[in-house]
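This report refers to the structure that appears directly beneath it.
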C-alpha cells in the first residue's frame, strides 16, 4: 500500500495504490492529513490503483473530506472502477462526491 | 454446514489477516469472479472488525472463531462466534446514506456492507456466545 502525490497547477493528485482496509488505511490517512497540513485546497484522489477498500478506508476518505470542507477546499475522485466503485455505490459515497472518469478530465475541471 | 475452514484466535487486529485468509482460501476454490471474491473478503473483514472493536470492550480480548463452508452449492457461509457482550449486529438501523458530507457519521458503514452483500444473515445468542451466520451467494453479482 502506498500513496504517490504530485502537483498539477493548483491541484494535488494523490494516487492510492494497493488496499485501504482496517490494517493499511492508517498509512493513507497519514499521507492525506499531511497534505492537508500543508494547506492544499484542491485535492484529487486517484483510485486507479486501488485493489480493495472497506469501511475503514471510507472512514479515512470521509474524515479527509470533512477537513477539506471546513476550510472550503475541494476534494474529488478519479478512476473509480470495479470493487471500489461498488463500495462507493453501496455506501452512498458515489453521489456524495464528485467522481471523474480520468485524472485528465478532473484536472481540466479543477484546474480552472 | 460442513466447515472447510475453522480458525480461532484472540480477537485482535493483529490476527485479522489470518482470520480473513482462512475465508479467502475457501472462497478462491469455489468463486470464479474476482469481484465476488472481494465481496466475500469485505463481509468477513467488516464482521471481524466489529467483533474486534466491540465484543470485549473494557476487558482483555477474548476469542473469535471463524468458520467457512458451502451450503447447497449456492452459498458460501461465514460463521463468526465470540463470547463478548450480547450484541445483535443485524438490529443496527441503516446509516443515512443521503446525508451531506459534514453530517455523515464516520461509523456504521461496515454493518451496512455486511447486510447488503449477504442474503439471509442470521444472528443468535447461544450459550453465552454471539453467533453470526453470513451467507454470500456464490454466483450472483451484487444486487445494486
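Read-outs throughout are calculated quantities, based only on the coordinates presented, and are distinct from any laboratory measurement. What you are looking at is a predicted structure, and each value in this text was computed from that prediction instead of being measured. Neighbour counts run over all protein chains shown; Cβ positions are idealised from the backbone, glycine included.
A few remarks follow.
- The ranking of B:115, B:2, A:81, A:66 by Cβ neighbour count inside 10 Å, starting from the fewest, reads B:2, A:81, A:66, B:115.
- With helices as the sole contributors, chain A gives -13500 deg cm²/dmol at 222 nm; each DSSP H run of n ≥ 4 counts as -39500 (n - 2.57), and the sum is divided by every residue.
- Projected label distance in nm at residue A:112 and residue B:123, using a 7 Å step from Cα toward the beta-carbon: 4.8
- Shape category assigned to segment A:2-107 from the gyration tensor of Cα positions, a/c cut at 1.5: rounded
- Antiparallel bridges, percent of DSSP beta bridges restricted to the protein assembly as shown (to nearest 5): 70
- Length-normalised contact order of chain A in % [C-alpha pairs under 8 Å, at least 6 apart]: 27
- For segment B:3-137, the gyration tensor built on C-alpha atoms gives an oblate shape. Its axis ratio a/c (a ≥ b ≥ c) is at least 1.5, and a/b is not larger than b/c.
- When both bridge partners sit in segment A:2-107, DSSP labels roughly 30% of those beta bridges antiparallel.
- GNM flexibility winner over chain B from B:82, B:39, B:98 (Cα, springs under 10 Å): B:98
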